[in-house]
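*Asks:* Take this structure, written in structure tokens, and hold onto it; I'll ask about it next.
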Amino acid sequence: MAGGKDNDWKTRLGVVYSTNPDFAFDDGTAGTEEDTLPRDAQQLRVGIERKNRGGKTVTVVKGFVGHEDDLKALGRWLKTKCGVGGTAKDGEILIQGERKEQIVALLRAEGYKNTR
């Protein structure tokens with residue numbers, strides 16, 4: 001099969017014909033992930049949520065700017081330190097239970113100065 005990934009018509013659905021000879025289709029996936037900011041430049045916000053969770057309380061860490069792998073590593077570290085479960089996805093870290101004070105203290109001790 002000739003063409004490979006450069007000729008994948010499914011990524012171009014909804015694109016109208018272009019007469020520009022220098023036209024290069026941009027599917028929007030290139031360069032969407034930002035570089036991870038240093039710890040002291042991160043603006044993390046820690047809060048408690050109860051809605052849409054079946055009555056369970058979770059602590060949410062929002063505002064992380066960086067690669068998805070770094071977010072998952074931070075989430076894994078927080079889950080280990082708190083001794084609970086959780087997840088890291090869509091730019092948020094969810095930790096089971098109401099642990100806002102503990103997480104803020106852990107993040108500040110680790111170098112995340114702009115944490116509330």
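*Asks:* Can you give the calculated 222 nm mean residue ellipticity of the chain, where each DSSP H run of n ≥ 4 adds -39,500 (n - 2.57) and the sum is split over every residue, rounded to the nearest 500 deg cm²/dmol? Walk me through the intermediate numbers first.
*Replies:* On the way: 2 runs with 25 residues, N = 116.
So the helix-based figure for the chain works out to -7000 deg cm²/dmol.
*Asks:* Here is a follow-up. Between segment 78-116 and segment 43-62, how far is it from one alpha carbon centroid to the other, in angstrom?
*Replies:* Spelled out, the Cα-based centre of one part sits 11 Å from the other.
*Asks:* If we count every other residue with Cβ under 9 angstrom of Gln96's Cβ, Lys/Arg +1 and Asp/Glu -1, where does the sum land? Please list the in-between numbers first.
*Replies:* On the way: positive: Lys56, Lys79, Arg99; negative: none.
Surrounding charge for Gln96 is +3.
*Asks:* Stretch Asp35-Thr80 to full length: gain in nm at 0.36 nm per residue minus the Cα-Cα span? Don't skip to the answer; put the middle values down first.
*Replies:* On the way: separation 45, 0.36 × 45 = 16.20 nm, distance 2.48 nm.
Value of the extension gain: 13.7 nm.
*Asks:* If you don't mind, another one. Counting DSSP beta bridges with both partners in segment 39-116, what percentage is antiparallel, nearest 5?
*Replies:* Working: 13 of 15 bridges.
For segment 39-116, the DSSP antiparallel bridge percentage is about 85.
*Asks:* I need Ile103, Ile95 ordered by Cβ neighbour count within 10 Å, fewest first.
*Replies:* Ranking Ile103, Ile95 by Cβ neighbours within 10 Å, fewest first, gives Ile103, Ile95.
*Asks:* So, one more: What nm value, rounded to one decimal, do you get for the distance between Lys10 and Val65 when each label is placed 7 Å out toward the C-beta?
*Replies:* That separation, rounded to one decimal, is 3.4 nm.
*Asks:* Further, regarding this structure: With +1 on each Lys and Arg Cβ and -1 on each Asp and Glu Cβ, and nothing else charged, work out how big the dipole of segment 39-116 is about its Cα centre, in Debye to the nearest 20. Please list the in-between numbers first.
*Replies:* Details: 17 positive and 10 negative charges, 62 e Å.
Result for segment 39-116 is approximately 300 debye, rounded to the nearest 20.
*Asks:* Of the options Gln42, Gly91, Thr115, report the single residue whose Cα projects farthest towards the positive end of the charge dipole of segment 39-116 (beta-carbon charges: Lys, Arg +1; Asp, Glu -1).
*Replies:* The Cα lying farthest towards the positive end belongs to Thr115.
*Asks:* Next question. With a bin width of 10 angstrom, please list the P(r) values of the chain as percents of all Cα-Cα pairs, from the 0 bin to the one holding the largest distance.
*Replies:* 12, 35, 19, 15, 15, 5
Bear in mind these aren't lab numbers, they're just calculated from the coordinates by the rules spelled out. Keep in mind that what you see is a predicted model, and the values were worked out from it rather than measured. Virtual Cβ from ideal backbone geometry, glycine too; neighbours counted across all protein chains shown.
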